[in-house]
Amino acid sequence: MGRRRSIWESLPTEALHPKSANLDRLSPEALLDLLSKEDRKVVSAVEAEAPRIAKAALALARAFSRGGRVFLAGAGTSGRLGVLEAAECPPTFGTAPDRIVGLIAGGAKAVHRAVEGAEDREGEGKGLLRARRLGPKDLVVGISASSVTPFVRGALDFARERRASTVLVTCAPGFPGLRTMASVVVAPRVGAEVLAGSTRMKAATATKLVLNRMTLLAMIRLKKVYGPFMVELRPGSAKLRDRARRMVEALASVDFERASALLEQAGDVKTAVAMGRLGISSTEARRRLARTKGDLRAVLSSGDARARARRRRAPARPRARRPKPKARLS
């Protein structure tokens, strides 16, 4: 009677890499070359998931626009990546800390130190969302390199019970039942890890790329980005305050002193830019931004159009007559 295969044995994340048989005997140069070649495959794998990433980003933006929250749930490395993404959104995009939340199996202590066995607690994934009163307006993004993590499966199961939107980010494409776990499944095909089962490597790199793209696409759709600028950043450090000033300089076409003064009066980049570019008060700038739901481009385009119309309607100034030259006496 043959040995029964475990559920994990058939996972692509547990497979043996064909070039790793003598991994411990490779020279540092040969090992680094192998790792570099494998890492390059990750970008291609993520690029192939572009349609699914776009759908996931749309789900995130939709949850936000209807007043919902986004929960990034994972265990181990996947959980830490979710916590990192959630932590980076408030300073980058000005989101409230309770709107994008990272949930990691084992709790906050698992961010700094591995809590072995926490990933096996399916009930914990459900319990964390139940405690936060998950509802239909919310989105749960399950992050599981293997796709079989009980903590993540529990979170997604509970999300479906509460009719919340669901996304799964995994590196186990083709695993049975994968497409039934979430409404959108992003599954880059990164292949076996050089160090067998160590999903902190290629799988983690792919996951980080996917989460970065999801949040950026969503925040652009939510008008939190103007051109290359993060116009809703929170300037909580000297570096970010300088970045905010430089944004106002560039977008309002003002000098250093004027940009600093505008920021002082406005308190945020969007209001300062509208004030400087359109020559309006902070109250009027905020009113226009509120009317367009924070769409700075719409505010500036409308204001520029009004200015052009005023210039066209303004009566032309009569040209001053030049005095006739006096006749010279011969």
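Nothing in this text is a laboratory measurement; each read-out follows from the coordinates by a stated rule. Not measured: the values here are computed from a predicted model. Note that we place each Cβ from the backbone using ideal geometry, even for glycine, and neighbour counts take in every protein chain shown.
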- Message: Tell me the angle of helix 282-291 to the major Cα principal axis of the chain, expressed in degrees between 0 and 90 and rounded to the nearest ten.
- Response: 50
- Grab the DSSP H runs of the chain that are 4 residues or longer, score each as -39,500 (n - 2.57), total them, divide by all residues and round the 222 nm result to the nearest 500 deg cm²/dmol. -16000 deg cm²/dmol
- Task: First check a/c for the stretch 40-101, with a ≥ b ≥ c the square roots of the eigenvalues of its C-alpha gyration tensor; if it is under 1.5, answer rounded, and if not, answer prolate when a/b is larger than b/c or oblate otherwise.
- Result: oblate
- Item | Two-site FRET efficiency, residue 282 against residue 114, from Cβ-Cβ distance with R₀ of 56 Å, rounded to 0.05 | 0.70
- Query: Please identify the trypsin sites (Lys or Arg not before Pro) of the stretch 58-91 that satisfy two criteria: DSSP loop assignment and at most 13 other Cβ atoms within 10 Å. Which are they?
  - Reply: 66
- Item | Given charges at beta-carbon only (K, R positive; D, E negative), |dipole| of the stretch 1-109 in Debye | 500
- Query: Check residue 148: other-chain or 5+ apart residues with amide H under 5 Å from its amide H, H built from backbone geometry?
  - Reply: none
- Query: Using a Förster distance of 35 Å, how high is the FRET efficiency between residue 243 and residue 23, based on the Cβ-Cβ distance and rounded to 0.05?
  - Reply: 0.25
- Any idea what the dipole of the chain comes to, in debye rounded to 20, about its Cα centre with Lys/Arg Cβ at +1 and Asp/Glu Cβ at -1? 3180
- Which residue, chosen from 115, 46, 93, occupies the Cα position most advanced towards the positive end of the dipole of the stretch 1-137, where the dipole is computed from +1 (Lys, Arg) and -1 (Asp, Glu) charges on Cβ about the Cα centre? 93
- With at most 10 neighbouring Cβ atoms within 10 Å, loop GluC sites (Glu not before Pro) (DSSP) excluded, longest segment of the chain: 117-330
- Query: Between residue 290 and residue 220, what is the spin-label point distance in nm, taking each point 7 Å from the Cα along the Cα→C-beta axis?
  - Reply: 3.0
- Message: Under 5 Å between amide hydrogens, which residues at least 5 positions from residue 185 or on another chain qualify, with H placed 1.01 Å from N in the peptide plane?
- Response: 168
- Subtracting the Cα-Cα distance from 0.36 nm times the residue separation, let me have the gained length for residue 131 to residue 212 in nm, one decimal. 26.4 nm
- Message: How many angstrom lie between the Cα centre of the stretch 219-255 and the Cα centre of the stretch 37-108?
- Response: 22
- Cβ crowding within 10 Å averaged over residues, with 128-137, 168-177 ranked highest first: 168-177, 128-137
- Item | trypsin sites (Lys or Arg not before Pro) lying in DSSP loop within the stretch 257-299, provided at most 15 other Cβ fall within 10 Å | 293
- Task: Just subtract the alpha-carbon distance of residue 44 and residue 30 from 0.36 nm times their residue separation and send over the number in nm, one decimal.
- Result: 2.8 nm
- Task: Work from the charge dipole of the chain (Cβ charges, +1 for Lys and Arg, -1 for Asp and Glu, about the Cα centre) and give the residue of 20, 76, 61 farthest towards its positive end.
- Result: 61
- Note on the structure: In terms of the alpha carbon gyration tensor, root eigenvalues a ≥ b ≥ c, rounded if a/c is under 1.5 and otherwise prolate when a/b exceeds b/c or oblate, the stretch 12-221 is prolate
- Item | Crossing angle, helix 28-47 versus the chain [Cα axis fit, 0-90 degrees, rounded to tens] | 70
- Message: Let me make sure I get this right: for the stretch 177-242, a, b and c are the square roots of the gyration tensor eigenvalues over alpha carbons, sorted descending. Under 1.5 in a/c it's rounded, otherwise prolate if a/b > b/c, else oblate. Which is it?
- Response: oblate
- Residue with peak Gaussian network fluctuation, the chain [Cα springs, cutoff 10 Å], from 159, 203, 45: 45
